[in-house]
Structure formats: structure tokens, C-alpha cells
Amino acid sequence: MPTQTAPVLDRFRRAGALLEGHFRLTSGLHSPGYLQCALVLQHPREAEALGAAIADRVRDLGIQTVLSPALGGIVIGQEVGRALGVRAIFAERQDGRLTLRRGFRLDRGEKVLVVEDVVTTGGSTRETIDVAREAGAVVVGAAAIIDRSGGQQKIDVPFYVLAEVSLPTYDPATCPLCLAGQPVVKPGSRTV
Ligand SMILES: [Zn+2]
């Protein structure tokens, strides 16, 4: 699938949702980039535009319902559902397992699109696909705003993404940015 990486990432940069430099992540690892989808999705017009862009790619799939994993997928799932004119529901964790709650249900054979904000390993998208299949629905595709898996997401349905981002992480002891003498900052600090 063609992506529109550059304009999408410009939206992220404008919102401060994609920072480039030298960061100490909460994991303790260092990275040349920091991505936080919530910072772009906090602006409803940005969320709506990103949802419409995903919807444009999947409009021919006959989607009846959008299903997202909580919490990260809820806002963008809602916007994709709005643009497609279909339901948008979400799965959430109960006892560690993603499940449909709140009276949400899927019919046997219902055509579902799984939507997330960012795919890092593909794990939660795969888990959300399983939730739909266990309910008897047919997952016709999966979509995300950003794929940062480096193509390693192993999703077994057609996968649609608006942007691909490569953000390596480094052990501080061998971080090339540290070795180059570049000061490290915490994402969100004023010195960025
Ligand atoms: Zn470093």
C-alpha cells in the first residue's frame, strides 16, 4: 500500500507528537525520536483528518464495524467509523485479556476493520483481530496511523498504514548519540 508518510509526520511534528533529537525513554533506553500519538489526536480536527485518510484507503472493503483496542485505538477508531459511516467499538483488557464489554457485540460474518493508533510489534492488533474472530466476525483488514515495526508486524490481514517511522532504541552504554556528545533529554522537557 502506498503511504503518505511525509504529510502525516508533518501533522505530528506540528502537534509536538513527533520529536527528533536525543531522548531518554521511560524504559531507560535512548532514542533519536519520540512519538506520542495522543498529542496529535488531542486535536479533534487532526484526529478527524487522520481518520478520513484511513477511511479513504479501506472504503472498498465493505466494512460494517470498526474495532479498536483500548485505550490507544479508541479515538482514531471513532474517527475512522465516522468517516465510513459505520459503528466504532472497542475491546478492553479484563484480567489481562482483551475482550468486548459494555454490551458491545459482533454478529457472525460481520465485516470488521481493526484500527489502532500506532503499531509497534503488531501484538495488540493481532490480539484485537482474535477478539473479532472469536465472536464469529470476519476481519477484512487492519489499519494504523503509524507503523513503527519496521515491517515486522506479522498481521495476517491486509494492513493499511498512513506513515512508517523508524525509531531505533539504544542501550545508554552504547548509544551513538551519547558517544557523539549530544545532550540527552526527557521527552516533553522544555529543553527540547
Ligand atoms: Zn544516548
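Determine, yes or no, whether LEU167 is closer than 23 Å to GLY33 by Cα, outside any helix (DSSP H, G or I) and open to solvent by 10 Å² or more (accessible area, probe 1.4 Å). Yes; evaluated as a whole, the condition is true for this residue. Among the residues of the stretch 2-47, those identified as within 16 Å of the ligand (Cβ to nearest atom) and of a type in the set (Gly, Ala, Ser) are GLY21, SER27, GLY28, SER31, GLY33.
Is one or more of the residues making up the stretch 151-172 without any contact (Cβ under 8 Å) to a residue 12 or more places away in the chain, more than 15 Å from the ligand (Cβ to nearest atom) and under 22 Å from ASP60 (Cβ atoms)? No, that holds for no residue. Of all the numbered requirements in (1) surrounded by fewer than 19 Cβ atoms within 10 Å (Cβ to Cβ); (2) in contact with a Pro (Cβ under 8 Å, 6 or more places away or on another chain); (3) under 22 Å from GLY85 (Cα atoms); (4) not aromatic (Phe, Trp, Tyr), GLU127 misses one, and that requirement is (3).
What are the residues in the stretch 86-100 that are more than 19 Å from ALA38 (Cβ to Cβ) and open to solvent by 70 Å² or more (accessible area, probe 1.4 Å), if any?
Taking the stretch 86-100 and keeping what is more than 19 Å from ALA38 (Cβ to Cβ), we get 86-87, 89, 94-100.
Within the stretch 86-100, ARG87, GLN94, ASP95, ARG97 qualify.
Here GLY136 passes the criteria (1) surrounded by 16 or more Cβ atoms within 10 Å (Cβ to Cβ); (2) more than 10 Å from the ligand (Cβ to nearest atom) except the one numbered (1).
The values are calculated or read from the model by the stated rules, or taken from the named source; none is laboratory data. In this text the structure is predicted, and so the values were computed from the model without any measurement. Glycine gets a Cβ as well: all are built from the backbone with ideal geometry, and neighbour counts include every protein chain shown. Please note that ligands, DNA and RNA were not included when accessible areas were found on the heavy atoms of the full protein model with its side chains. Shrake-Rupley method; radii C 1.70, N 1.55, O 1.52, S 1.80 Å.
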